[in-house]
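J.: Got a structure here, written out as structure tokens. Questions coming.
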Amino acid sequence: MYHSETKMRQLSRPTYSETIGHWLFRYRSYVPVPLGALVTLSTWNFSESVTRLDFWYILLSVWPISLFILAEAIRLNVVGRAPAQTSGRGRKFEAKMLVTVGPYSYTRNPLYIGNMLFWVGAASFSQNIWVLLVTIVVIAVQYHLIVLAEERYLLGKYPKKYVKYCRETPRYFSLGARRRKVPATSFDCKTGIIRDHDTIFLSVLACWGLIGINLGIFRGLLGPAVSMAWYSVILVAAVVWIVVKLIKHRMISLVRQRARREAMYIEFVTSIPFFECRIQHTFKNRASEANDRARANTYGDPKS
């Protein structure tokens with residue numbers, strides 16, 4: 001039943017929901033801006049009524065901070081384990097291979113779950129149940145439509161493999177679902193930070209701003225010394241973000257230089273007839289080995 005429904009969806013025309021999902025994915029960085037403004041204004045309005053920070057008020061602020069940390073931990077865990085070029089960071093979906101291991105063995109959309117937790121944490125700072133409900137509804141609808149559009153893209157690119165993956169792994173989460181047996185994947189924190197450094201900095205900036213508003217630091221409620229220390233925190237974070245960005249650009253530049261040197265070397269050697277056939281044979285073998293390794297890393301079986 002599931003296979004037939006998926007097959008019909010694969011052959012049918014895109015629905016309105018999937019079309020909207022493509023548009024939301026294309027402008028996913030700008031669509032939540034009004035929602036962020038609503039959360040910020042609501043948090044500021046609530047904080048102005050606070051004249052004294054008691055224990056319970058500070059305790060309520062711990063809950064949103066914990067959601068921020070959990071959301072970023074999920075994102076870092078996903079990005080630090082996923083192979084390169086397996087998620088689109090531009091305006092179009094991108095997937096050089098289908099990743100089904102690591103966090104993707106628990107849910108098909110771990111990154112979106114992390115993003116949803118981030119927004120729930122941000123809205124919790126407002127201490128307003130209506131702002132929290134509006135945020136949950138808007139973010140849930142946005143990411144669900146994006147997921148529908150992404151599923152159609154993956155069905156078109158990996159028809160058999162993605163259908164099998166959908167049968168074995170829930171779209172978001174399921175309490176009764178049994179996790180598939182998958183090969184262990186290594187976590188590279190350095191890779192995760194370099195890949196996701198922009199999102200990490202934006203998360204730190206949002207958390208810094210909302211905490212400052214919520215605790216009255218920007219209004220000087222805790223004194224000028226605390227306010228100065230709080231501004232220095234974001235300054236240090238900005239410096240770290242710039243350094244990581246420079247490191248990333250340097251790494252990309254080195255990879256491109258190496259690729260150009262290899263291309264020039266291959267062009268020179270292939271101009272000699274004796275080496276041309278040997279190089280073609282070598283590159284065919286390397287391509288075959290690379291495909292086998294990619295399948296083994298993704299599915300655990302190079303022959304699958």
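Throughout, read-outs are computed from the coordinates displayed, never taken from laboratory work. In this text, all values refer to a predicted model and were calculated from it rather than measured experimentally. Here the Cβ is made from the backbone with ideal geometry for all residues, glycine too, and neighbour counts use every protein chain on show.
J.: Using 1/(1 + (r/R0)^6) with R0 = 45 angstrom and r between the beta carbons of GLU262 and ASN45, what's the FRET efficiency to the nearest 0.05?
T.: For R0 = 45 Å, the calculated efficiency reads 0.15.
J.: Can you work out the FRET efficiency for the pair ARG28 and VAL62, with r the C-beta to C-beta distance and R0 = 45 Å, to the nearest 0.05?
T.: Efficiency, from the Cβ-Cβ distance: 0.95.
J.: Sort the following peptides by mean Cβ neighbour count (other Cβ atoms within 10 Å, averaged over residues), highest first: 38-49, 108-119, 64-75, 234-245.
T.: Highest mean packing first, the order is 108-119, 64-75, 38-49, 234-245.
J.: Among 149-157, 121-129, how do they line up from the highest to the lowest mean number of other beta-carbon atoms within 10 Å?
T.: Ranked from most to least packed, the peptides come out as 121-129, 149-157.
J.: Something else about it: Using a simple spin-label model with points 7 Å from Cα along the Cα→Cβ vector, what separation in nm is obtained for ALA37 and ALA238?
T.: 2.3
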